[in-house]
Amino acid sequence: MKLNELYENAPNVEITGIKINSKEINKGDLFICTMGATVDRHNFIGDAIKKGAKALIVNKEVDASIPYVKVENTNKELAKIARKFYNHPENRMNVIGVTGTDGKTTTTTVIQTLLGSDKCAYMGTNGRSCAKFSKTTANTTPGAEVLYGYLDEFINAGCDTIAMEASSEAFYNGRLEGIPFLVGAITNVTSEHLNTHKTFENYLNCKCKLFDQIRNDGYAILNKDDEHFNEVLSHCKCKVLTYGRDESCNLYIKDFKIFSDKTLITFVLFGKTYQVTSPLLGDFNVYNLACALLSCVALGKKMEDLIPNISKINVSGRLDMLPNIGQDFYCMVDYAHTPNAIDKILNFVHTLGVNKSIVVNGSAGERDHTKRPQMGESVLKNASYAIFTYEDPRSEDPLEIIKEMTSTVKGVYNNYEVIVDRRQAIRRAIELASENDIVLILGKGNETYEKLSTGTIYFNDEEEAMAAIKEKLETKKLTLK
């Protein structure tokens, strides 16, 4: 695209890409000098030119050897430029946004599975994927210059729909501004990300921005059992469909029974009853499945066509039971990192008839401090034993994070220990496990990194747990000999 196709009176310069990071510039790119919280990208114009930038978008007069267009606000221009550069992909596909404190990844992944990855793309915590590719992403929701490129990439791969996680922080940072959602769904709302939003009211309002951006012909999918249902409903100017345990819901969860390997559910949709078998475990996943099914129904899909795909559901890093290689105990990895999610997963685990539950848990650095004591309490009141460790401490002292997590439980609970090193914490949990116990490693799911003060390292909870299990079994063999 040429610069004068983006701005009428601009020079006739061919643009091959758009970037806001001077380090990522390729020859022919347009460098947009956005303003960050601590960085002014006008200061990197020289670097961008050296790397091959062809033109600039600025909001102040600059001395540059390449053409530039001066605008009032480069941050606001970014999304407009990206939409136009990629030929408005947001209008060429159905966009489903899923928000909520917990369950976004599961629900969006289930939507993709129900609709088929040949036609429905996924984007969120687990990267971006469709039938033709699966790739990692730097952020759950990338900036506009990347986001619209991804949408265009999915369209070129044959997708006509995308199910994407829509986090409060994405709305707070304006990354989803201007996206016309055909379907907006919400799982639940409990306190989270107060480091960013400061108050729960601000957090809830950011969640509700999703419903402010639903198209006039679109649908809002709401959890009628959530305590903030009415506040969310007040933001909906479109058609509303509800799910929950109330008979008045459009998708009524009439009954369910959870087994160790499946969940049997009775749904009632618009008065018609459906019996389904889901591989997802836990009552919270009954709600996630209901949300996903109703989102697909809002697109005009029939339950009869969706139900056969339920058996194909597989959500990486969520309630992942590790394979049995000879151990007499269970080991599960899950992404749970909020007090509500921890409560729910531990309550579910104890319905499986296990003996003791041994939990490895931490809390992310440079994130919401207010939830840390609640997380510690959630673990200790529900688990048989806990090992507190680091979890992406970033620049914070991991021991100080753990002190915050245990600040309200000293003298109340003594069923825990502290092992700062996560690898050693996982090994200790495996070492403590006896017959029919379960080890739960929470917070990271199947992620492959840890963010430390010294930088990002490769680390995967599932791999570490399997290595510890193998080591335990080998030690046991040697002892028997």
Check: If you add up the charges near HIS350, with Lys and Arg at +1 and Asp and Glu at -1, over every other residue whose beta carbon is less than 15 angstrom from its beta carbon, what do you get?
Finding: -1
Item checked: the stretch 292-351-the stretch 365-437 distance, computed between alpha-carbon centres (Å) -> 24
Checklist line | In the stretch 146-251, trypsin sites (Lys or Arg not before Pro) in a DSSP loop with at most 14 other beta-carbon atoms within 10 Å | finding: LYS198, LYS237
Check: Which value, in Å², gives the accessible area per residue of the stretch 253-316 when a 1.4 Å probe is used on the protein heavy atoms?
Finding: 46
Check: Under a no-solvent Debye model with one identical scatterer per Cα of the chain, what's log10 I(q)/I(0) at q = 0.05, 0.08 Å⁻¹?
Finding: -0.21, -0.54
Notebook entry, point to check: With the contact rule set at Cα under 8 Å and sequence spacing of 6 or more, what percent relative contact order holds for the stretch 231-366?
Noted result: 14
Next item on the list: Evaluate the distance, in nm, between pseudo-label points positioned 7 Å from the Cα of THR351 and of ASN436 along their respective Cα→Cβ axes.
Entry: 2.0
Next item on the list: Extending each Cα 7 Å along its Cβ direction at LYS76 and THR456, get the distance between those two points in nm, one decimal.
Entry: 3.2
Check: For the pair ARG92 and THR266, how long in nm is the line joining their label points, each one 7 Å along Cα→Cβ?
Finding: 4.8
Check: How much FRET efficiency would the formula 1/(1 + (r/R0)^6) give for HIS369 and ALA467, where r is the Cβ-Cβ distance and R0 is 30 Å, rounded to 0.05?
Finding: 0.40
Next item on the list: Kindly rank 418-430, 265-277 from highest to lowest mean number of other beta carbons found within 10 Å of each residue.
Entry: 418-430, 265-277
Margin query: With an 8 Å Cα cut-off and a minimum separation of 6 or more residues, compute the relative contact order for the chain in percent.
Written below: 10
Checklist line | Debye, to nearest 20: dipole size of the stretch 371-481, +1 on Lys, Arg Cβ, -1 on Asp, Glu Cβ | finding: 260
Notebook entry, point to check: Length gain on complete extension for the stretch ARG215 to THR475, per 0.36 nm per residue less the alpha carbon to alpha carbon distance?
Noted result: 87.5 nm
Next item on the list: Using a 1.4 Å probe over the heavy atoms of the protein chains, calculate the carbon and sulfur portion of the accessible area of the chain as a whole percent.
Entry: 46
Note to self: On a straight-distance basis, which lysines could pair with LYS23 in a cross-link, Cα separation under 28 angstrom, same-chain partners fewer than 8 positions away excluded?
What the structure shows: LYS2, LYS50, LYS51, LYS54, LYS60, LYS70, LYS76, LYS80, LYS84, LYS135, LYS451
Note to self: What would the Debye equation give as log₁₀ I(q)/I(0) for the stretch 168-275 at q = 0.14, 0.19, 0.21 Å⁻¹, counting only Cα atoms as equal point scatterers?
What the structure shows: -0.65, -0.98, -1.08
Margin query: I'd like to compare 320-328, 123-131, 337-345, 250-258: which one has the highest average count of other Cβ atoms within 10 Å, and what's the full order after that?
Written below: 337-345, 123-131, 250-258, 320-328
Note to self: Only sites in a loop by DSSP and with at most 13 other Cβ atoms within 10 Å count here; which GluC sites (Glu not before Pro) in the stretch 203-266 make the cut?
What the structure shows: GLU227, GLU247
Check: What are the semi-axes of the equivalent ellipsoid of the stretch 1-61, taken as the square roots of 5 times the eigenvalues of the Cα gyration tensor, listed largest first and rounded to whole Å?
Finding: 19, 14, 9
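The values are calculated or read from the model by the stated rules, or taken from the named source; none is laboratory data. All figures in this text were calculated on a predicted structure; none of them were measured in a lab. So basically every Cβ, Gly included, is an ideal-geometry build from the backbone, and we count neighbours across all protein chains shown. Keep in mind that these areas ignore ligands, DNA and RNA; they rest on the heavy atoms of the full protein, side chains included. Shrake-Rupley method; radii C 1.70, N 1.55, O 1.52, S 1.80 Å.
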